[in-house]
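The values are calculated or read from the model by the stated rules, or taken from the named source; none is laboratory data. Since the model is a prediction, treat every value here as computed from it, not as a measurement. When we count neighbours, we look across all protein chains shown, and the Cβ atoms used for this are built from the backbone with ideal geometry, even at glycine.
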Amino acid sequence: MRFLIITHVVHKPKNKVWYAYAPYVREMNLWLKYVDEVEIVAPITNEPPSVIDMAYKHDDITFTKIPSIAFITLGRSLLSLLSLPLIFLKLYKACKRADHIHLRCPGNIGLLGCLVQICFPKKVKTAKYAGNWDPKASQPLSYRFQKRILSSTGFIKNMTAIVYGKWQNQSKNIKPFFTATYSETDKIEPKNRNYSGEIKFVFVGSLVEGKRPLLAIHIVEQLVKKNCKVTLDLYGEGVLKQELIEYCNANHLDKSVVFHGNQKNEVIKQVLQTAHFSILASKSEGWPKAIAEAMFFGVIPIATSISCVPFMLDYGKRGILISSKLNEAVSAIENHLRQQDVLLKMSKSAAVWSQKYTLEAFEEEIKKLIIT
């Protein structure tokens, strides 16, 4: 079987091996176990792989380079428009060569793939929509358009679209799905944390506006002002990093808030075995891995009520759902800190739930989509 991947994820070549963002590649390597040949259509960069990148594991990979496109400025938009005919042509030829077409959505390249696949109604296709599938969510036009195409049985033939969460009134080709990071061998009994001593908060994710890292810092800042013994460790990089560091220095938070940058999975894994809470007050998510990964080791997630997050947290029984308003978020956390027994139950419940979603379980579900 020749398996085609169409994605916006930027790839990095090194020594004839292709690298890309580790969580994405880790998943794709599970898909690639069951195919003979692979073709990847994606943008590339000459930057060297970083600690958060990972290599594909397959002996027969063909890479088709396409330009990266974006419509954020006038100049970039013009370049992207000029690139569209070449991208469409390369996508069409790649789809024609493929036995199985796999789209990664949402994204501009995924959107183009959604349009090109219409020309191949008889070919087997899968699409992973890794964003927020909530029909009521406010999203960019391109995201809504992709959701509309993937849900349309008129445009979509012989395709299964996997999405995060269970939503009402979906077309028959939409399949609720999940994702995973850890294996059965990673399972451990979560440690009983002491919630009356020093409390360790962690933030794992990109330091960008959509993840609201400043809100996480503000929450800890307010708790410090209330004489709570709390610390926050941030793991990740992003355009806001310097601004956040300057804020912490200006407000004398350098002893309470520590920036660790990007770290390998093994480092994060060790951190999560002792942390008390994981904060991720995102504006939008699909299936937030940072939350599921924390829960796997008994860390209680603190998150905004978006996408399938309420389902993941059992509507407040295995995590704390907060508002994006600072005072309300701090109040909710303070109330929980007064209930030690409740927090211990939350921690155990979080681990029991998350440990159902292992890489082995994930691979079994992927296998069903490929081997028909």
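Can you say whether GLU285 is farther than 21 Å from SER138 by Cβ, buried (at least 20 other Cβ atoms within 10 Å of the Cβ), among the acidic types (Asp, Glu) and touching a residue at least 12 places away in the same chain (Cβ under 8 Å), as far as the supplied structure shows?
no
Considering only the range 121-179, how many residues are β-branched (Val, Ile, Thr), within 21 Å of VAL35 (Cα to Cα) and under 17 Å from the mean Cα position of the chain (by Cα)? If you could, list the steps in order and put the result at the bottom.
In the first step, residues of the range 121-179 are kept if they are β-branched (Val, Ile, Thr); the result is 124, 126, 149, 153, 156, 160, 162-163, 174, 179.
Cutting the leftovers down to within 21 Å of VAL35 (Cα to Cα) gives us 124, 126, 160, 162, 179.
Subsequent filtering for residues that are under 17 Å from the mean Cα position of the chain (by Cα) retains 162, 179.
Residues that pass the stated criteria total 2.
I'd like to know if the range 119-139 contains one or more residues that are touching a residue at least 24 places away in the same chain (Cβ under 8 Å), hydrophobic (A, V, I, L, M, F, W, C), surrounded by fewer than 22 Cβ atoms within 10 Å (Cβ to Cβ) and part of a helix (DSSP H, G or I).
Scanning the range 119-139, I find at least one residue that is touching a residue at least 24 places away in the same chain (Cβ under 8 Å), hydrophobic (A, V, I, L, M, F, W, C), surrounded by fewer than 22 Cβ atoms within 10 Å (Cβ to Cβ) and part of a helix (DSSP H, G or I), so the answer is yes.
Just name the residue that is surrounded by the fewest Cβ atoms within 10 Å (Cβ to Cβ) out of those in the range 242-264 that are of a type outside the set (A, V, I, L, M, F, W, C) and in contact (Cβ under 8 Å) with a residue 40 or more places away in the chain.
Keep residues of the range 242-264 that are of a type outside the set (A, V, I, L, M, F, W, C), which gives 242-243, 246-247, 249, 251-252, 254-256, 260-264.
Checking which are in contact (Cβ under 8 Å) with a residue 40 or more places away in the chain leaves us with 262-264.
Working: ASN262: 16, GLN263: 16, LYS264: 10.
The residue in question is LYS264.
How many residues does the range 346-359 hold that are surrounded by 13 or more Cβ atoms within 10 Å (Cβ to Cβ) and charged (D, E, K, R)?
Looking only at that region, the number is 1.
Among what's in the range 294-341 and is of a type in the set (Phe, Trp, Tyr) and touching a residue at least 40 places away in the same chain (Cβ under 8 Å), pick the residue that is farthest from PHE277 (Cα to Cα).
At the first step, the residues of the range 294-341 found to be of a type in the set (Phe, Trp, Tyr) are 296-297, 311, 315.
In the following step, the residues that additionally are touching a residue at least 40 places away in the same chain (Cβ under 8 Å) were identified as 296-297, 311.
Working: PHE296: 12, PHE297: 11, PHE311: 18 Å.
Residue satisfying both the conditions and the ranking: PHE311.
Across the range 54-94, what is the total count of residues that are in a loop (DSSP other than H, G, I, E, B) and in contact with a strand residue (DSSP E or B) (Cβ under 7 Å, 6 or more places away or on another chain)?
Of the residues in the range 54-94, 4 are in a loop (DSSP other than H, G, I, E, B) and in contact with a strand residue (DSSP E or B) (Cβ under 7 Å, 6 or more places away or on another chain).
Across the range 168-224, what is the number of residues that are closer than 30 Å to PHE155 by Cβ and of a type outside the set (Gly, Ala, Ser)?
11
A quick yes/no check of all residues on (1) assigned to a helix (DSSP H, G or I); (2) modelled with pLDDT under 95:
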{"position": "GLN270", "(1), (2)": "yes, no"}
{"position": "GLU285", "(1), (2)": "no, yes"}
{"position": "ILE302", "(1), (2)": "no, no"}
{"position": "ARG318", "(1), (2)": "no, no"}
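Kindly indicate whether any position in the range 24-39 is more than 24 Å from GLU364 (Cα to Cα), surrounded by fewer than 19 Cβ atoms within 10 Å (Cβ to Cβ) and in contact (Cβ under 8 Å) with a residue 12 or more places away in the chain. I'd like the intermediate steps shown before the answer.
Here is the first cut: in the range 24-39, the ones more than 24 Å from GLU364 (Cα to Cα) are none.
So far as the range 24-39 goes, no, none of its residues is more than 24 Å from GLU364 (Cα to Cα), surrounded by fewer than 19 Cβ atoms within 10 Å (Cβ to Cβ) and in contact (Cβ under 8 Å) with a residue 12 or more places away in the chain.
Of all residues in the range 288-315, which are on the phi > 0 side of the Ramachandran plot and crowded, with 22+ Cβ neighbours inside 10 Å?
Taking the range 288-315 as the starting set, the residues that turn out to be on the phi > 0 side of the Ramachandran plot are 298, 307, 314-315.
Within the range 288-315, GLY298, SER307 meet the criteria.
Out of all the residues in the range 49-58, is one or more farther than 21 Å from PHE3 by Cβ, surrounded by fewer than 17 Cβ atoms within 10 Å (Cβ to Cβ) and either more than 25 Å from the chain's Cα centre (by Cα) or not assigned by TED's automatic domain parsing to the domain that holds VAL10 (or both)?
no
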